[in-house]
1. When the residues of region 107-139 are narrowed to those that are without any contact (Cβ under 8 Å) to a residue 60 or more places away in the chain and touching a helix residue (DSSP H, G or I) at 6+ places or on another chain (Cβ under 7 Å), which ends up farthest from residue 63 (Cα to Cα)?
2. Considering only residues that are farther than 19 Å from residue 133 by Cα, out of contact with any helix residue (DSSP H, G or I) (no Cβ under 8 Å at 6 or more places or on another chain) and in contact (Cβ under 8 Å) with a residue 40 or more places away in the chain, look in region 19-49 and name the one that is surrounded by the fewest Cβ atoms within 10 Å (Cβ to Cβ).
3. Only one of these conditions is not met by residue 85: (1) touching a strand residue (DSSP E or B) at 6+ places or on another chain (Cβ under 6 Å); (2) modelled with pLDDT of 95 or more; (3) over 23 Å from residue 128 (Cβ atoms). Which number is it?
4. Here are some residues: 89, 57, 52. Which one is closer than 19 Å to residue 4 by Cβ and surrounded by fewer than 18 Cβ atoms within 10 Å (Cβ to Cβ)?
5. For residue 107, indicate whether it is farther than 15 Å from residue 12 by Cα, in a loop (DSSP other than H, G, I, E, B) and at pLDDT 95 or above.
6. If we keep just the residues of region 110-133 that are assigned to a loop (DSSP other than H, G, I, E, B) and at pLDDT 95 or above, which is surrounded by the most Cβ atoms within 10 Å (Cβ to Cβ)?
């Protein structure tokens, strides 16, 4: 079995519908590599490390995955997920900066030239958090 470089602080939280969490269901995952799910809070730094609240990585296998992340506070967030097929811990991109690996965002916005804005993927949590479904798009 291949060695995946998943660090202890990147593991998902235990799913629990009685606490504030973002519970993300990711559809269309392929086998091998790593599934990365990232929670963002800052519209000005959407899809940048500076705007990221949390990142979870798990081994990728064919099908659907559910990943949960505890929330410290209610608010407006967006989620990005990608299948890191080669396990190099980053989203490989084409010459035009678009993803070379399967990628998806909360609210599943329609693709257009460039990445969607935070507002297209944003959702607001309540005391129980939020349940999100992301359909990965093939590049």
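1. Filtering first and then ranking leaves 109.
2. Here the residue is 32.
3. All conditions pass for residue 85, except number (1).
4. Values: 57 fails: surrounded by fewer than 18 Cβ atoms within 10 Å (Cβ to Cβ); 52 fails: closer than 19 Å to residue 4 by Cβ.
After ruling out the rest, the residue left standing is 89.
5. Values: farther than 15 Å from residue 12 by Cα: yes; in a loop (DSSP other than H, G, I, E, B): yes; at pLDDT 95 or above: yes.
Yes.
6. Pass one, region 110-133, residues assigned to a loop (DSSP other than H, G, I, E, B): 110-117, 122, 125, 127-128.
Right, trim to at pLDDT 95 or above and you get 122, 125.
On the way: 122: 19, 125: 17.
Checked region 110-133; the qualifying residue surrounded by the most Cβ atoms within 10 Å (Cβ to Cβ) is 122.
The values are calculated or read from the model by the stated rules, or taken from the named source; none is laboratory data. Since we're looking at a predicted model, the values are computed, not measured. Glycine also receives a Cβ, built like all others from the backbone with ideal geometry; neighbour counts cover every protein chain displayed.
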